[in-house]
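So the structure is just underneath, and the comments pick up after that.
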Amino acid sequence: MSQDLSLQKFGFIKRDTPRTVNLDPLQTGGLLTPEAREALLEWGDGYSVCDYCGGMLDQIKTPPIFDFVHKSLPSFIGMDHARVTNGARESKFAIMHAMTSPGDWIVMDGNAHYSSIVAAQRARLNVKLVPKTPAPDYKITPEAYAAAIEEVKQQSGKPPALALLTYPDGSYGNLADAKAITNLAHDFGVPIIINGAYAIGRMPFKGKDLGADFVAGSGHKSMAASGPVGVLGVNEQYAAKVLQKSPTHKNKEIEFLGCTARGATIMTMIASFPAVVERTKPESWEKEVSNARWFSEQMESIGMKQLGDKPHNHDLMFFEGTVFYDISQKTDRYFLYRELKEKSIHGIKPGLTKNFKLSTLGVGREKLGFVMDTLKDIIKKYDG
Ligand SMILES: Cc1ncc(COP(=O)(O)O)c(C=O)c1O
């Protein structure tokens, strides 16, 4: 231990988050596989993957980063080219920066994640949000997209430089009709990014089949990897722009500042990849969807209402209701968090009782049953 008192709070820190059941939408898809946990230790030293690097991260043959980036990943995400980035937001920014000029417009769905908006702001773009339908559906429709693109045309004299669709969104887990929206963007001559941060690595996903020109994915959110790490997909038509090399440093791609994920981040993504491929097969995903629907029904049976797509098609769900809120008025707003923690259930944010989102990915029916029993017991205990 350091003799310096001001340093004593640093060093190894144990994590006390309950981990028997994790329902946190930010975390369920990023839980490491046993292989990734081993890789974390093995490759944890800084630039570990650079042992045999000749100057380009994606060309490293040992470990097999080249095969991962140029063969397995493009086929997995269904795009012509792939790169590993430092996160979905970095992928989105790289695409926006390469494809647009400051002052251009981007149209994105009203359910877009803040990181899409901030990436656009960093690229100095004007953002037009496509309105969602009212509660409780919060859907993004092709008609609303068309109207937003028309508005940009009228306002700026030309179509937006880019469009973005969040698929699914991170609030309600809604899966919009991506094919209809990408077709429509193309009818206006607008290339479109699919932000698949909650899709790639969780569910069957092929960017080209959805009509995407670009895709962004998140390793720490949905690919059982230790972040920050993400993926970017681009089709041939725009590859030269997005993957442009530096005129002075011939083997460094400009939008990625030469190199992105290096060390434990990419190696945990690679370590989990076989398991991630397995869990995204249609038969595995169907089970996940069926578990999510079962959980949604159970929650509705205790008085919570699931918002968004119904029946639901994704593990991320948003619930609203007063059953726990009413109890919080007699106790305090942290009672639900405390009671769940007591049973080692993590994922509903401390203090939330009236509205919260959660994810059932990988939890399994048995543990979901345990969560439901616990919630019912809590209601009984306080409402008695
Ligand atoms: C829909 C969506 N997109 C993107 C992100 C950001 O992903 P990353 O951390 O990989 O940049 C999030 C994170 O919560 C998200 O919910």
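Some notes on this structure:
- Highest mean first, the peptides 79-88, 5-14 sorted by other C-beta atoms within 10 Å per residue fall in the order 79-88, 5-14.
- Legend: ranking of residues 190, 130 from fewest to most surrounding C-beta atoms inside 10 Å; resulting order 190, 130.
- Proximal charge balance of residue 342 [Cβ under 13 Å; K/R count +1, D/E count -1]: +2
- From helices alone, the chain scores -11500 deg cm²/dmol at 222 nm; the rule is -39500 (n - 2.57) for each run of n ≥ 4 DSSP H residues, then divide by the residue total.
- Alpha-carbon geometry of segment 43-279: the Rg and the Dmax are 17.5, 54 Å, given in that order.
- For segment 301-368: rounded, prolate or oblate by the Cα gyration tensor [a/c cutoff 1.5]: oblate
- Choice from 239, 225, 120 with maximal GNM fluctuation in the chain (Cα, 10 Å cutoff): 239
- For residue 123, net neighbour charge (Lys/Arg +1, Asp/Glu -1) across residues whose Cβ lies under 13 Å away: +1
- Global geometry of segment 170-264, whether rounded, prolate or oblate, following the gyration tensor of its Cα atoms and the 1.5 cut on a/c: oblate
- Inter-part distance where segment 81-97 and segment 9-75 are each reduced to a Cα centre, Å: 17 Å
- Virtual spin-label span in nm between residue 143 and residue 244, 7 Å along Cα→Cβ: 4.0 nm
- Rounded to the nearest 20 debye, dipole of the chain from Cβ charges on Lys, Arg, Asp, Glu: 560 debye
- Kyte-Doolittle at least 0.0, axis length at least 18 Å by Cα - qualifying DSSP helices, the chain: 264-279
- Proximal charge balance of residue 288 [Cβ under 9 Å; K/R count +1, D/E count -1]: +1
- Legend: ranking of residues 202, 338 from fewest to most surrounding C-beta atoms inside 10 Å; resulting order 338, 202.
- Per-residue Cβ neighbour rank within 10 angstrom, fewest leading, 108, 372, 304: 372, 304, 108
- Separation between Cα centres of segment 114-189 and segment 228-244, rounded to whole Å: 20 Å
Throughout, read-outs are computed from the coordinates displayed, never taken from laboratory work. Please read these numbers as outputs of a predicted model, since none were measured by experiment. So basically every Cβ, Gly included, is an ideal-geometry build from the backbone, and we count neighbours across all protein chains shown.
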